[in-house]
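What follows is a short report on a single structure.
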Amino acid sequence: MRRWQDIPGWFTWRDAQEEAVAHFPGGSTFVEVGNYLGRSLCSLAEVVAGSGKAFTVVGVDTCRGSGPEGVRGVNAHGHAVSAGGGTFAGLLHRNLIDCGFGDDVLIVVGDSGSAAGLFADASLDWVHIDARHDYDSVVADITAWRPKVRPGGWLSGDDYIPEAWPGVVAAVDDLLPEARRWSAIQWRWVND
Ligand SMILES: C[S@@+](CC[C@H](N)C(=O)[O-])C[C@H]1O[C@@H](n2cnc3c(N)ncnc32)[C@H](O)[C@@H]1O
């Protein structure tokens, strides 16, 4: 059996997943936008499985990578995209199956904004954003997903780090001034 710890990725917010699973009642729906090979998504599925509560867990990813990003223009997902002939969708799906969560997690292979359109407004309990990290992309993600979060729900994201990801910080501060730092390097907005 594969474990989420064996999957490559940058995941650091296990405590946030544990808080969400403890906080929300069974029947809630969680969406993670930006899954890469499933490290964070399989961890979330494991936390859910251990909770004894039933949640709907949805992953959204183009499976085409984010392309060159950050101050050094690193194409962190490029190898996986090339290895899969232009998509790592098969590897993401296989990792979910190998970790035992093939029947527990739904994957939407597509763009964040298009995927948001699949959900009714105010229908989601927790949406976590970890897709592209430039200002315009984070603005687009927040704009697309914020209306989907129900009253009392959470919208959050990764890499609230001014030095490394100024676009993330600027987009969150501009669109969600009520958002707060969360976990180690996350941000979270609560739809009060
Ligand atoms: C930083 S990685 C996600 C890492 C993952 N959450 C983890 O911790 O293991 C970002 C992912 O966002 C995806 N992505 C980039 N732009 C996207 C978009 N517009 N819609 C959906 N996914 C996107 C990329 O394909 C990539 O897999």
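We did not get these values from a lab; they are worked out from the coordinates using the rules stated. Nothing here was measured: the structure is a model prediction, and the numbers come from that model. Neighbour counts run over all protein chains shown; Cβ positions are idealised from the backbone, glycine included.
Out of Gly73, Val33, Trp4, whose Cα points farthest toward the positive end of the dipole of the chain (charges: +1 Lys, Arg; -1 Asp, Glu; placed on Cβ)?
In the chain, that residue is Trp4.
Return the Rg/Rh ratio of region 10-70 with Cα-based radii and a Kirkwood Rh.
1.01
Which of Leu96, Leu44, Leu176, Leu118 has the fewest other C-beta atoms within 10 Å, and how do the rest follow up to the most?
Listed from fewest to most nearby Cβ atoms, that is Leu118, Leu176, Leu96, Leu44.
Round to the nearest 0.05 the FRET efficiency obtained for Ala22 and Ser123 when R0 = 22 Å and r is the Cβ-Cβ distance.
In this case the efficiency is close to 0.55.
As a test of the formula, what do you get for the chain when each DSSP H run with n ≥ 4 contributes -39,500 (n - 2.57) and the sum is divided by the residue count, at 222 nm and rounded to the nearest 500 deg cm²/dmol?
The helix-only estimate for the chain comes to -9500 deg cm²/dmol at 222 nm.
Taking every eigenvalue of the Cα gyration tensor of region 58-116, multiplying by 5 and rooting it, what semi-axes result, largest first, whole Å?
22, 15, 10
Based on other C-beta atoms within 10 Å, arrange Thr29, Thr12 from fewest to most.
Neighbour counts put them in this order, fewest first: Thr12, Thr29.
What nm distance separates the two modelled labels at Arg14 and Leu106, each placed 7 Å from Cα along Cα→Cβ?
2.8
Between Asp6 and Leu175, what FRET efficiency follows from the Cβ-Cβ distance if R0 is 45 Å, with the result rounded to 0.05?
The computed FRET efficiency comes out at 0.80.
Could you tell me the distance between the Cα centroids of region 1-66 and region 115-189, to the nearest Å?
16
In debye to the nearest 20, how big a dipole does region 18-177 give about its Cα centre with +1 on each Lys and Arg Cβ and -1 on each Asp and Glu Cβ?
Roughly 320 debye for region 18-177.
Counting every Cα pair in region 18-177, what percent are over 19 Å apart?
55
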